[in-house]
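Note sheet for the following structure.
The values are calculated or read from the model by the stated rules, or taken from the named source; none is laboratory data. None of these values were measured; they are calculated from a predicted model. No Cβ is skipped: glycine too gets one built from the backbone with ideal geometry, and neighbour counts run over all protein chains shown.
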Amino acid sequence: MPSVTSPPSVAGVRRLRIIVGALVCVVLPLGSRVQGSGMLAWTMYSRIEEFRVDLVAFDGAGRAHLRNPSVLADGASADIASLLAGSDHWREVVSIGSLRDHLGELADYACRELHAASVVVTVHERRGGYYDQATACERRCTP
Amino acid sequence: MMTARIRLLGLVRVLFGTLVLLRTTPVLAPLHVTYLRATSPLLGWPTPMWHVPIWGPSLPAGLVATFCLARTVAIVLFTLGVRARESGVASGFLAWAVMSQDAGSYINTFHLLFLGLIVLGVSGAGSSLALRPELEIDPRSGVALTRVFVASLYAWSGFAKLNSSWSHGEVLQRLYGDAVVHGPIADALLATTPGCAVAAWSVVATELALGPLLLWPRTRGLACIAALAFHAVLELSLHPDFFGFGMSVLLLAFIEIGEARHCAVDMYCGGAVDPVGRQPPERQPPEQKWSVACQEQSPAPH
């Protein structure tokens, strides 16, 4: 006898749709806003942020060398490269959250690219023309 | 029983799936559109260049490539209507998993396209215009899910613009100054500071109003036209990737035709499965009443 699967119940399907609706229409956008990035909250050009990246590499003797972060664009994926290119000056961007949230990884990457003993990467941000915040990450590079 | 509403949702599935395929595969590469450059061999294909995931650890390149292939197969199945529920949900999750591998690649267009696959899959859009139609279960809640999803997008977008930078017109002024927003409409509206402020408030008012107006049956038709016009203006002035196309396709779910028009204000929508076994009320043919009225007014023969 071939097995016959019973169709899902109306109540079950309706419950599933309510859960999916609550997730995509409320939980994801609201959670994203509460978390701070607003990435999943359909912000759509609602504000413009400006950012600048300072990149300082230290050699083995402890001397500091100010480097242009654009040099990191060469080995980065197209989307990250477009963020880093020209970021030694103030640049406008819809959201800088993706770079700020991964500053540690950027510092690790800078270590490899610059062959430095240690690096300090700082992202400066301003909104509406006013200086807002700076986030820094220091990494001691492993040889 | 096939309803007009679910047929429309089937059409939305076919068009939306086609859009996602066009955006995630190199089909349109010969057009040399800037934002379609990264679709070869497939969108999100692993690269040796440095990148960071949005969440969690980086996945192995082989796994990401497998996800890219599986996503494409799932979108094709979804578009054709083969196990549309499963393939829609799977393709949405796979697409998000691939996108999450490069934090810089996130754009709202992808979020819309990938969430849209999941929403349409769960909505029962595979019940019609499908190679293997799935069982139609409670079409009313399926259509409602798609509609609420679209309405919520406008609401969140309008809500996000309730900030001083936007409301004073500064954001639009900068976007216009940087030629991100351009074209004859932008020239007419955004050339002056007051113009930018008026345009900014107009956008907020439009986005906040569209959701409720689309959900209210009496204003739905007009709101649909307004929303399509809104996306046309954005498309001409901003070229927001595939976002406008995706939203325009999803707006088809608001169209009321035939039986669906009757259902717009009727609690017995769909007619396929009613949770408590109620039957739709019988409708009297209007022609009969009309013909009686005509007979009464017709002049007597001489």
Worksheet item: Of (1) on the phi < 0 side of the Ramachandran plot; (2) crowded, with 17+ Cβ neighbours inside 10 Å, residue B:83 satisfies all except one. Which?
Response: (1)
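If you take the residues in segment B:243-262 that are in a helix (DSSP H, G or I), farther than 14 Å from residue B:150 by Cβ and in contact with a helix residue (DSSP H, G or I) (Cβ under 7 Å, 6 or more places away or on another chain), which one is modelled with the highest pLDDT? Walk me through it before giving the result.
First, pick out the residues of segment B:243-262 that are in a helix (DSSP H, G or I): B:243-254, B:258-262.
Checking the rest, the ones that are also farther than 14 Å from residue B:150 by Cβ come to B:258-262.
From what's left, in contact with a helix residue (DSSP H, G or I) (Cβ under 7 Å, 6 or more places away or on another chain): B:258-260.
Values: B:258: 61, B:259: 49, B:260: 47.
Top of the filtered list is B:258.
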Worksheet item: Filter segment B:119-155 for residues that are within 7 Å of another protein chain (Cβ to nearest Cβ) and under 15 Å from residue B:75 (Cα atoms); which is surrounded by the most Cβ atoms within 10 Å (Cβ to Cβ)?
Response: B:119
Item to complete: Among the candidates A:96, A:18, single out the residue that is of a type in the set (Val, Ile, Thr) and buried (at least 18 other Cβ atoms within 10 Å of the Cβ).
Response: A:96
Discussion item. Looking only at segment A:34-60, count every residue that is at pLDDT 90 or above, of a type outside the set (Gly, Ala, Ser) and either surrounded by fewer than 18 Cβ atoms within 10 Å (Cβ to Cβ) or touching a strand residue (DSSP E or B) at 6+ places or on another chain (Cβ under 8 Å) (or both) and tell me the total.
Written reply: 9
Response to the item:
Subset of segment A:21-33, residues among the hydrophobic types (A, V, I, L, M, F, W, C) and either closer than 13 Å to residue B:148 by Cβ or surrounded by fewer than 17 Cβ atoms within 10 Å (Cβ to Cβ) (or both), comes to A:22, A:23, A:24, A:25, A:26, A:27, A:30
Worksheet entry | Filter result (at the interface with another protein chain (Cβ under 9 Å from one of its Cβ atoms) and in a helix (DSSP H, G or I)) within segment A:67-83 | A:72, A:78, A:79, A:80, A:81, A:82, A:83
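Just to be sure, is residue A:41 part of a loop (DSSP other than H, G, I, E, B) and facing another protein chain (nearest Cβ under 7 Å)? Working first, answer last.
Values: part of a loop (DSSP other than H, G, I, E, B): yes; facing another protein chain (nearest Cβ under 7 Å): yes.
Against the criterion (part of a loop (DSSP other than H, G, I, E, B) and facing another protein chain (nearest Cβ under 7 Å)), residue A:41 qualifies.
Every residue, every condition in (1) aliphatic (A, V, I, L, M); (2) over 29 Å from residue B:239 (Cα atoms), yes or no:
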site: B:58; (1), (2): no, yes
site: B:88; (1), (2): no, no
site: B:113; (1), (2): yes, no
site: B:124; (1), (2): no, yes
site: B:135; (1), (2): yes, yes
site: B:169; (1), (2): no, no
site: B:172; (1), (2): yes, no
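Got a sec? Which of B:91, B:58, B:105, B:40 is surrounded by 19 or more Cβ atoms within 10 Å (Cβ to Cβ), out of contact with any Asp or Glu (no Cβ under 9 Å at 6 or more places or on another chain) and of a type in the set (Gly, Ala, Ser)?
Values: B:58 fails: surrounded by 19 or more Cβ atoms within 10 Å (Cβ to Cβ); B:105 fails: out of contact with any Asp or Glu (no Cβ under 9 Å at 6 or more places or on another chain); B:40 fails: surrounded by 19 or more Cβ atoms within 10 Å (Cβ to Cβ).
B:91 is the lone residue from the list that is surrounded by 19 or more Cβ atoms within 10 Å (Cβ to Cβ), out of contact with any Asp or Glu (no Cβ under 9 Å at 6 or more places or on another chain) and of a type in the set (Gly, Ala, Ser).
Condition test on residue A:105, is it modelled with pLDDT of 85 or more, assigned to a helix (DSSP H, G or I), assigned by TED's automatic domain parsing to the domain that holds residue A:69 and surrounded by 17 or more Cβ atoms within 10 Å (Cβ to Cβ)? Break it down into steps so the answer makes sense when it comes.
Working: modelled with pLDDT of 85 or more: yes; assigned to a helix (DSSP H, G or I): yes; assigned by TED's automatic domain parsing to the domain that holds residue A:69: yes; surrounded by 17 or more Cβ atoms within 10 Å (Cβ to Cβ): yes.
Here the answer is yes, as residue A:105 does meet what is asked.
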Practice prompt. Could you list all residues from segment B:225-242 that are in contact (Cβ under 8 Å) with a residue 40 or more places away in the chain, within 22 Å of residue B:174 (Cβ to Cβ) and not in a loop (DSSP other than H, G, I, E, B)?
Written response: B:233, B:236, B:237, B:238
